[in-house]
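S.K.: The structure under discussion is supplied below as structure tokens; questions concerning it will follow.
Just so it is clear, none of the values below were taken in a lab; they were calculated from the coordinates. These numbers come from a predicted model, not from an experiment. Every residue, glycine as well, gets a Cβ built from its backbone with ideal geometry; the counts of neighbours run over all protein chains shown.
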Amino acid sequence: AQDYRYWEDPSDEYRDAEGTLLPLWKFSYEKTKKLSVTEICWNPHYYDLFGVTFGSFDFMRQVTEGYLCLFTLKNPSYPEYINSTDSGVMCLDFHPQHPYLVVVGLYDGTVAVYNIQLPTKERQFQSNSVTNKHGGIVWQVCWGEDLQDGEMNFYSVSSDGRVFNWVLMQNELA
């Protein structure tokens, strides 16, 4: 990782009362170099942790992979968490009360929930049938307030024109 904090811009001496905006760090992951960053989201509890999704906005030539990467300011040289998918990951959101739960929306219309505390990187919940998922790209996901019986839920919006409210049941996403 390159630290730009002490970088001197020689052109600063020719600018009156204006400086140069420089990045502090560069975060990257080798396998995502040919993919687009589709969203970034800060964790509400761990202030140095943020998630980045990778997919493609080239709708004529869609990739068959995507990534969810979690980076921390403590280690900008490599992601703390990496999860690959078979479709571009377009959006994410961290749960406000359970910051280890991450919901993502995929290019193929799927939504999924990951528990980043678990050693396995399998999806904890996933929409997986033709009738139980969006018919287009999922552009945004957002956690909702927990239901009265304590069940967690989230919303997703898609280019298919629908807004879904998903409830995390015991072993399924409804």
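S.K.: Can you pull out the residues in segment 46-56 that are touching a residue at least 24 places away in the same chain (Cβ under 8 Å), within 30 Å of residue 150 (Cβ to Cβ) and in a loop (DSSP other than H, G, I, E, B)? Even if it seems obvious, please write down each step before you answer.
M.R.: Let us first name the residues in segment 46-56 that are touching a residue at least 24 places away in the same chain (Cβ under 8 Å), namely 46, 48-49, 51-56.
Narrowing further to those that are within 30 Å of residue 150 (Cβ to Cβ): 46, 48-49, 51, 53.
Residues satisfying the conditions are 46, 48.
S.K.: Just give me the residues in segment 38-91 being among the aliphatic types (A, V, I, L, M) and touching a Phe, Trp or Tyr at 6+ places or on another chain (Cβ under 9 Å), in sequence order.
M.R.: 40, 49, 52, 63, 68, 70, 73, 82, 89, 90
S.K.: Residue pairs, Cβ under 6 Å, 6 or more apart or interchain, first in segment 135-164 and closer than 16 Å to residue 41 by Cα, second in a loop (DSSP other than H, G, I, E, B) and among the aromatic types (Phe, Trp, Tyr). List them.
M.R.: So the pair list comes out empty.
S.K.: Inspect all residues belonging to segment 109-120 and state whether any of them is within 20 Å of residue 54 (Cβ to Cβ) and loosely packed, with under 15 Cβ neighbours inside 10 Å.
M.R.: no
S.K.: Taking segment 107-130 as the region of interest, how many residues are in contact (Cβ under 8 Å) with a residue 40 or more places away in the chain, touching a Ser or Thr at 6+ places or on another chain (Cβ under 9 Å) and closer than 19 Å to residue 167 by Cβ?
M.R.: Adding up the residues that qualify gives 4.
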